[in-house]
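Visitor: Below: one structure in structure tokens.
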Amino acid sequence: MKILCVCLSPSIQRTLVFDNFTTAQVNRTKNYIQNAGGKAINTARVIEQLAPGSAVCIFPLAKQNSGEFLSLLKKDGIRSKTVSVPGSTRTCWTALSKYGETTEIIAEEPVLQAPDFFKRRGKQLVKLIQKEAGKADALILSGSAPLCWNQDIYSKIAKEAADSGLAIVLDFKGPALLSCLDELKNCTNSIFVKINMDEFTETFSEALLAPVTKRYPNVTFIVTDGKLPTHAASSAMEEKTFESKEIMVVNTTACGDSFNAGFIVEFLMSHNPESAVREGIRCASLNAQTIVPGSLV
């Protein structure tokens, strides 16, 4: 299988482990880990653990720290296709305490004001996806698009995936998601929206799945809610509830991304959305028990 993992917001993930993390004090780390990050890149790392050789990451690669980022990808055995952009890839710091508390600090890079440049780069990115989609089975599009990109870029990416007959997983929120769903309204591919409960209500102004599945009858919606049950429904599938087992949490970072990996790998093998949701939950639970974001071991 071949799964395209598309991310417009990559990051360098630095995970720090403390006996205890306290604000307004000096905190000395006992362990320090670096990984390539960003939602779809975390997903690709888990896909590689489930089905080695299946993931291809597609993303904009910032020039200033490109060498560091590519070396981190290589360390995890993740294949990539990129378009070059100026500036630096942002950094995400995660502080973990032995009590299972996770604190995230994201150092955003300045928004680059170059609309014509990013319009051209956006076209290159879509063409790259079009080329890779020819031999792919699925596309995962996740995370928000930085403001420097044309805000219709996700709709264009989704259209390319639909035209290539790929199964599609969308994991983002707001107007960008609504625009994609409108673009895909006549699509007969397998389309999944994986979204958490807060994002669902924010995007659809609705807390119930049934009215939304009626509005988008060709889409299966999967709504997660932390350690609470996951709900899934479509016009063809009545709403189902999936429980999670109680676990000892180490790091919650990338649990949703790990869910996406388990979900799409299982769906491509079984074509059964219910078993795919269960596998997604299993992978998210395993990830929560590890230090490395986007990892099962």
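Where a number appears in this text, it was derived from the coordinates with a stated rule and is not lab data. Fair warning: this is a prediction, and the values are worked out from it, not measured in the lab. Note that each Cβ is placed from the backbone with ideal geometry, even for glycine, and that neighbours are counted across all protein chains shown.
Visitor: Just one of (i) 21.9, 79; (ii) 18.5, 56; (iii) 19.5, 68 is Rg and Dmax of the Cα atoms in Å calculated from these coordinates, so which is it?
Guide: The calculated read-out lines up with (ii).
Visitor: Quick one: what does P(r) look like for segment 52-166 with 10 Å bins over all Cα pairs, in whole %?
Guide: The distribution over segment 52-166 is 12, 37, 35, 14, 2, given as percents.
Visitor: For segment 240-297, what percent of Cα pairs sit more than 17 Å apart?
Guide: On the way: 544 of 1653 pairs.
Roughly 33 percent, once rounded to a whole number.
Visitor: Could you tell me the distance between the Cα centroids of segment 111-153 and segment 164-191, to the nearest Å?
Guide: Segment 111-153 and segment 164-191 have Cα centres separated by 15 Å.
Visitor: Tell me, what is the percent relative contact order of the chain, built from C-alpha pairs under 8 Å that lie six or more residues apart? It would help to have the intermediate numbers written out before the result.
Guide: Values: 640 pairs, mean separation 50.8, N = 297.
Worked out over the chain, it gives 17 percent.
Visitor: Mind checking the full-extension length gain between residue 197 and residue 107? Use 0.36 nm per residue of separation minus the Cα-Cα distance, one decimal, nm.
Guide: Working: separation 90, 0.36 × 90 = 32.40 nm, distance 2.58 nm.
Length difference between fully extended and current span is 29.8 nm.
Visitor: Can you tell me the relative contact order of segment 1-157? Whole percent, Cα pairs under 8 Å, sequence separation 6 or more. Show your work: numbers first, answer last.
Guide: Working: 299 pairs, mean separation 49.3, N = 157.
Relative contact order of segment 1-157: 31 percent.
Visitor: Could you work out which residue, out of 166, 228, 128, moves most in a Gaussian network model of the chain, that is, has the largest mean-square fluctuation with Cα springs under 10 Å?
Guide: Looking only at 166, 228, 128, the biggest GNM fluctuation is shown by 228.
Visitor: Now for a separate question. Charges on Cβ only, +1 for Lys and Arg, -1 for Asp and Glu, centred on the Cα centroid of segment 1-131; of 41, 82, 27, which one is farthest towards the dipole's positive end?
Guide: 82
Visitor: Are there GluC sites (Glu not before Pro) in segment 45-119 that DSSP puts in a loop and that have at most 13 other Cβ atoms within 10 Å, and which ones?
Guide: Values: sites: 48, 68, 101, 104, 108; in loops: 101, 108.
When the GluC sites (Glu not before Pro) of segment 45-119 are filtered for loop state and at most 13 Cβ neighbours within 10 Å, 108 remain.
Visitor: In sequence order, what are the phi-derived ³J(HN,Hα) couplings for segment 116-131 according to the Karplus relation 6.51 cos²θ - 1.76 cosθ + 1.60 with θ = phi - 60°, rounded to whole Hz, with x for glycine and proline?
Guide: With coefficients 6.51, -1.76 and 1.60, one gets 5, 4, 6, 5, 5, 5, x, 5, 5, 5, 5, 5, 4, 5, 4, 5 Hz.
Visitor: Need the C-alpha centroid separation for segment 41-103 versus segment 213-235, integer Å.
Guide: Using only Cα atoms, the two centres lie 28 Å from each other.
Visitor: Now a separate question. Give the residue list of chymotrypsin sites (Phe, Trp or Tyr not before Pro) in segment 1-108 that are DSSP loop and have at most 14 other beta-carbon atoms within 10 angstrom.
Guide: Details: sites: 18, 21, 32, 69, 93, 99; in loops: 21, 99.
The qualifying sites are 99.
Visitor: Identify which of 114, 284, 167 has the largest mean-square fluctuation in a Gaussian network model of the chain, with springs joining Cα atoms closer than 10 Å.
Guide: 114
Visitor: Could you calculate the contour length gain from residue 126 to residue 236, that is, 0.36 nm times the residue separation minus the distance between their Cα atoms, to one decimal place in nm?
Guide: Working: separation 110, 0.36 × 110 = 39.60 nm, distance 3.12 nm.
Result for the pair: 36.5 nm of gain on full extension.
Visitor: Pull up all non-local amide H partners of residue 83: gap of 5 or more, or a different chain, and H-to-H distance under 5 Å with H placed in the peptide plane.
Guide: For residue 83, the qualifying residues are 59, 61.
Visitor: If you keep only loop residues by DSSP, which trypsin sites (Lys or Arg not before Pro) in segment 71-153 have at most 12 other Cβ atoms within 10 Å of their Cβ? It would help to have the intermediate numbers written out before the result.
Guide: Numbers: sites: 74, 75, 79, 81, 90, 98, 119, 120, 121, 123, 127, 131, 135; in loops: 98, 135.
Here the sparse-neighbourhood loop sites are 98, 135.
Visitor: About the Cα centre of the chain, how large is the charge dipole given +1 on each Lys and Arg Cβ and -1 on each Asp and Glu Cβ? Please answer in debye to the nearest 20.
Guide: On the way: 32 positive and 30 negative charges, 208 e Å.
Charge dipole, the chain, about its Cα centre: 1000 debye, nearest 20.
Visitor: So, with +1 on the Cβ of K and R and -1 on the Cβ of D and E, and no other charges, what is the size of the charge dipole of segment 121-259 about its Cα centre, to the nearest 20 debye?
Guide: Details: 15 positive and 18 negative charges, 107 e Å.
The dipole magnitude comes to about 520 debye.
Visitor: Give the lysines reachable from residue 123 as a straight Cα distance under 17 Å; neighbours fewer than 8 places away on the same chain don't count.
Guide: Hits, sequence-local ones excluded: 81, 131, 156, 159.
Visitor: Continuing with the same structure: Looking at the chain only, what percent of DSSP beta bridges run antiparallel? Nearest 5 please. Don't skip to the end; give the middle numbers.
Guide: Numbers: 21 of 59 bridges.
Of all bridge pairs located within the chain, approximately 35 percent are antiparallel.
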